Number of protein chains: 2
Amino acid sequence: MSEPLVGNLLVAQSGGPTAVINASIAGVIQEAGRHECIEEIYGGANGILGILNEELLDLNDEKAKTIEGLKHTPAAALGTCRYKVDFKKKPEKAAQDMDRLFEVFAAHNIRFFFYAGGNDSQDTAHKIHEQAVARGWAMRVIGVPKTIDNDLPHTDHCPGYGSVIKYNAATVMEIAADVGSMATDDGSCCIIEVMGRAAGWIAAGAVLAKRQPTDAPHIILLPEIPFEEEKFLARVKETTGQLKYCIVVAGEGIKYPNGEEVGVDKTRLDAFGHAVLGGAADRLAEKIQGKLNLKTRTVKLGYAQRAAAHFASETDALEAAACGEAAVRAAVAGQSGFMVKLVRLQSHPYKWTTDLQPLGDIANVEHFLPRDWISEDGFLPNEKFVEYARPLIEGQLRLPMEHGLPKFAVLQKSPVEKKLPPRA
Amino acid sequence: MSEPLVGNLLVAQSGGPTAVINASIAGVIQEAGRHECIEEIYGGANGILGILNEELLDLNDEKAKTIEGLKHTPAAALGTCRYKVDFKKKPEKAAQDMDRLFEVFAAHNIRFFFYAGGNDSQDTAHKIHEQAVARGWAMRVIGVPKTIDNDLPHTDHCPGYGSVIKYNAATVMEIAADVGSMATDDGSCCIIEVMGRAAGWIAAGAVLAKRQPTDAPHIILLPEIPFEEEKFLARVKETTGQLKYCIVVAGEGIKYPNGEEVGVDKTRLDAFGHAVLGGAADRLAEKIQGKLNLKTRTVKLGYAQRAAAHFASETDALEAAACGEAAVRAAVAGQSGFMVKLVRLQSHPYKWTTDLQPLGDIANVEHFLPRDWISEDGFLPNEKFVEYARPLIEGQLRLPMEHGLPKFAVLQKSPVEKKLPPRA
């Protein structure tokens, strides 16, 4: 694995964007520039999908200032996709895709491949690594972790997570001030729906808004804890009885004890066949208004929470960039088939480093909130979670501003000349 | 009107909070401290409702640092209400309320009364002014403008408005980057629902996110323009055909040509008898998915947008404080029965001042977006609007931070001793 490999680099992004995934790409590009064995630096447009179409971007053609600007630019600057090379469900298609990918790698002498994404993307990276070995194509493959859901195993946390919970916690504080100031005898309730799918990490993060026991959020509904309607309504009633208002944070993926999702719309599936979520808050509001006759409003932050660079965590952005840099250093040092992971050295003061984990340990394994990080009644994460999460939101990304709004970097995206016939 | 009036001051807040209404209260308190004719400085807890209950707060007992901190603290620090003294619908109750208010004013020697709020609140202030004259109670009454909806007449704009459109425009930019980076051949759409009731000022403000013609938002649905489904779907299709994605901003109060609101839930009314809005985005998403078969996600910012101090406009906060100060100076100078208004002196560079407008001109008059500030096809505000709105979002409020989150001011709220029997 330690032959002096020389050739071109290809980096791509996959899955849902985050506020800091571009910082990882900037880390890859900037670190790559420091190694002579890396010749051209290419980006794959829209992840694997663009690579299959031989849509490569010449990143050496971008201004250094633009690359640095990616560190405060949300979303996926190279474009992303939810395309999966699925050997289980579509083995024939997957084999064709794999052949095509290696044609593209060979045509452009790709010797260093980096894929930033979550569980599905690490699975794709793992398969590409295995195929490279099987096909005898000398190429180093390293996964770069990325997911607001924070559900990748083996890494202390995932780049993208700190920023989403920082923004969400500030939003909960602000909404609580608003609703609390309208608190009159009638009482009122506000339900804030947040992302995270089946994992409660994002919902749990809202607890950072709580500085006093009576502070919001008063209830956090985690997908890990079965949703019991009577118990929930009783807690809402108790809270409004005491404070005259109640702020509820609900994970989009909360489930009834029978496993059915509270907010799911089963008629809609995403490209990976997962059910589309996003109605939990409205369903809960109907219950509260119907059964407690309590004025209830909902907030659905949706994409706003994962794209909120204007209030991103500086710690998160630094870690995201470091993961990109570490991926390149590992590949140059001869490693392949690993994902970069974040390792916490200590919490007070917070110290961290990066390390590597075999991709085979990561792919398609989901990491959930441990039960002993949640209060006994299941309505709030406890001190163990707070100690874990608090360092991740420290510091605020400073954005350049223009006319009162953020100024984001925009890649010029010079296409690399195609050398292959179009994909079949 | 110019007798040297000496006595106590009472300030209260009413209606929905904003990110900067507390800055107006800070302006009132700080300016009051500069005038010897003002003895005690009281706050009414939860607006008129608290005053009727003789729930007054001793604001001279608060630390100067806390009062200064109100300038970056969202929501209504004194508490607010939606209670209306309604002579039209409930004349007997209104007369009782008015008697009680003047008992409270007399018991606490209130000679300067300031009420910060929107249309309904200015109407209340107007009635209190008229009653003071009719009853021969020497008291100066000045309204302080406040509404994110920006629908008060005679003032160039309303404190609270600049902050909500700054936050919303940044959010649209971020969501657009996110959705745009996922844009593949299938196309996708995101609908962002914003506040503003029947007025399109807030929805229009999202246009500030647009720097290039192809930038989001691609469509803004304004309540002033009747919603025509076919025309809208055609525009969505055209946009996704061209860009592979489409960002729609929808005002919560958009209406069909027959006047029916797209997102209204007629089964729910607020305290003023207005229908509760807030389902427009979901209704539009159903149409787009059903008729165009286009993946569509919704974002409902709700209270988050009006409470977002973490990204408030510095210009807005300065103007809000100045309105509070101007109200006190006007009252001390002998004026009563006016609302402070903002007057634009020029747009480039932006210069403004404050002036007074009789409350009788304000109460219950709604100010809508002029038709000639909207594109001919009705889907976007034009350059006239942009010139108007752009200065209002300049500068960013700097918040003190603690553990990565904003640190807001909290009043200790020392109650003023009651002198009256409880309200009948």
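The values are calculated or read from the model by the stated rules, or taken from the named source; none is laboratory data. Predicted model only: the values in this text are computed from it and were never measured. Note that each Cβ is placed from the backbone with ideal geometry, even for glycine, and that neighbours are counted across all protein chains shown.
So here's what we get for this one:
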read-out: Residues within the range A:57-106 that are away from chain B (no Cβ under 14 Å) and in a loop (DSSP other than H, G, I, E, B), tallied; value: 8
read-out: In the range B:280-307, the residues that are in contact with an Asp or Glu (Cβ under 6 Å, 6 or more places away or on another chain) and either part of a loop (DSSP other than H, G, I, E, B) or without any contact (Cβ under 8 Å) to a residue 60 or more places away in the chain (or both); value: B:Tyr303
read-out: Positions within the range A:302-314 being more than 7 Å from chain B (Cβ to nearest Cβ) and surrounded by 24 or more Cβ atoms within 10 Å (Cβ to Cβ), in sequence order; value: A:Gln305, A:Ala312
read-out: Output for the range B:349-397, where each listed residue is of a type outside the set (A, V, I, L, M) and part of a helix (DSSP H, G or I); value: B:Gly360, B:Asp361, B:Arg371, B:Asp372, B:Trp373, B:Glu383, B:Lys384, B:Phe385, B:Glu387, B:Tyr388, B:Arg390, B:Pro391
read-out: Qualifying positions in the range B:94-109 - more than 23 Å from B:Leu5 (Cβ to Cβ) and of a type in the set (S, T, N, Q); value: B:Gln96
read-out: Per-region count, the range A:28-51, residues outside any strand (DSSP E or B) and either of a type outside the set (Lys, Arg) or not assigned by TED's automatic domain parsing to the domain that holds A:Asp123 (or both); value: 16
read-out: Single condition B:Ala32 does not satisfy, out of (1) away from chain A (no Cβ under 14 Å); (2) of a type outside the set (Asp, Glu); (3) touching a residue at least 40 places away in the same chain (Cβ under 8 Å); (4) surrounded by fewer than 22 Cβ atoms within 10 Å (Cβ to Cβ); value: (4)
read-out: Condition broken by B:Pro421, with the remaining ones in (1) in a loop (DSSP other than H, G, I, E, B); (2) in contact with a helix residue (DSSP H, G or I) (Cβ under 8 Å, 6 or more places away or on another chain) satisfied; value: (2)
read-out: Residue in the range A:18-34 that is at positive phi and in contact with a Lys or Arg (Cβ under 6 Å, 6 or more places away or on another chain) present; value: no
read-out: Whichever residue in the range A:316-344 is of a type in the set (Val, Ile, Thr) and surrounded by fewer than 24 Cβ atoms within 10 Å (Cβ to Cβ) and, among such residues, is nearest to the other protein chains (Cβ to nearest Cβ); value: A:Val343
read-out: Check on B:Tyr350, touching a residue at least 40 places away in the same chain (Cβ under 8 Å), in contact with a Leu (Cβ under 9 Å, 6 or more places away or on another chain) and of a type in the set (Ser, Thr, Tyr); value: yes
read-out: Failed criterion for B:Asn364 (all others in (1) surrounded by 12 or more Cβ atoms within 10 Å (Cβ to Cβ); (2) under 19 Å from the mean Cα position of the chain (by Cα); (3) farther than 25 Å from B:Ser313 by Cβ hold); value: (1)
read-out: Pairs, first over 21 Å from B:His310 (Cα atoms) and more than 9 Å from every other protein chain (Cβ to nearest Cβ) in the range B:7-24, second of a type in the set (S, T, N, Q) and surrounded by fewer than 24 Cβ atoms within 10 Å (Cβ to Cβ), C-beta under 8 Å, six or more apart; value: B:Gly7/B:Asn109; B:Asn8/B:Asn109
read-out: Top-ranked residue of the range A:393-412 - restricted to ones that are in contact with a Leu (Cβ under 9 Å, 6 or more places away or on another chain) and within 24 Å of A:Thr353 (Cα to Cα), ranked as nearest to the other protein chains (Cβ to nearest Cβ); value: A:Ile393
read-out: Members of the range B:66-88 that are touching a residue at least 12 places away in the same chain (Cβ under 8 Å) and more than 23 Å from the chain's Cα centre (by Cα); value: B:Phe87
read-out: From the options A:Glu3, A:Glu54, residue that is assigned to a loop (DSSP other than H, G, I, E, B), away from chain B (no Cβ under 14 Å) and at pLDDT below 95; value: A:Glu3
read-out: A:Thr184 being within 12 Å of chain B (Cβ to nearest Cβ) and not in a strand (DSSP E or B); value: yes
read-out: Matching entry among B:Ile67, B:Ile110 (being farther than 30 Å from B:Glu314 by Cβ and among the β-branched types (Val, Ile, Thr)); value: B:Ile110
read-out: Options B:Gly378, B:Gly334; residue that is at positive phi, assigned by TED's automatic domain parsing to the domain that holds B:Arg140 and modelled with pLDDT of 95 or more; value: B:Gly334
read-out: Residue match in the range B:67-74 (condition: surrounded by fewer than 21 Cβ atoms within 10 Å (Cβ to Cβ) and in the same structural domain as B:Ala26 (by TED's automatic domain parsing)); value: yes
read-out: First in the range B:354-366 and not assigned by TED's automatic domain parsing to the domain that holds B:Lys84, second anywhere and part of a helix (DSSP H, G or I) and of a type in the set (Val, Ile, Thr), Cβ under 7 Å, 6 or more apart; value: none
read-out: Candidate set from the range A:171-199 (those that are of a type in the set (D, E, K, R) and touching a His at 6+ places or on another chain (Cβ under 9 Å)); member that is surrounded by the most Cβ atoms within 10 Å (Cβ to Cβ); value: A:Glu174
read-out: Flag for A:Ala250 being within 14 Å of another protein chain (Cβ to nearest Cβ), surrounded by 24 or more Cβ atoms within 10 Å (Cβ to Cβ) and without any contact (Cβ under 8 Å) to a residue 60 or more places away in the chain; value: yes
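The rows are residues; the columns are (1) touching a strand residue (DSSP E or B) at 6+ places or on another chain (Cβ under 9 Å); (2) exposed (fewer than 14 other Cβ atoms within 10 Å of the Cβ); (3) under 26 Å from A:Asp120 (Cβ atoms).
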{"position": "A:Gly360", "(1), (2), (3)": "no, no, yes"}
{"position": "A:Asp377", "(1), (2), (3)": "no, yes, no"}
{"position": "A:Val386", "(1), (2), (3)": "no, no, no"}
{"position": "A:Gln396", "(1), (2), (3)": "yes, no, no"}
{"position": "A:Leu399", "(1), (2), (3)": "yes, no, no"}
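Conditions tested, residue by residue: (1) within 14 Å of another protein chain (Cβ to nearest Cβ); (2) in contact (Cβ under 8 Å) with a residue 40 or more places away in the chain; (3) at negative phi; (4) surrounded by 24 or more Cβ atoms within 10 Å (Cβ to Cβ).
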site	(1), (2), (3), (4)
A:His126	no, yes, yes, no
A:Gln131	no, no, yes, no
A:Ala134	no, no, yes, no
A:Ile142	no, yes, yes, yes
A:Val164	yes, yes, yes, yes
A:Ala169	yes, yes, yes, yes
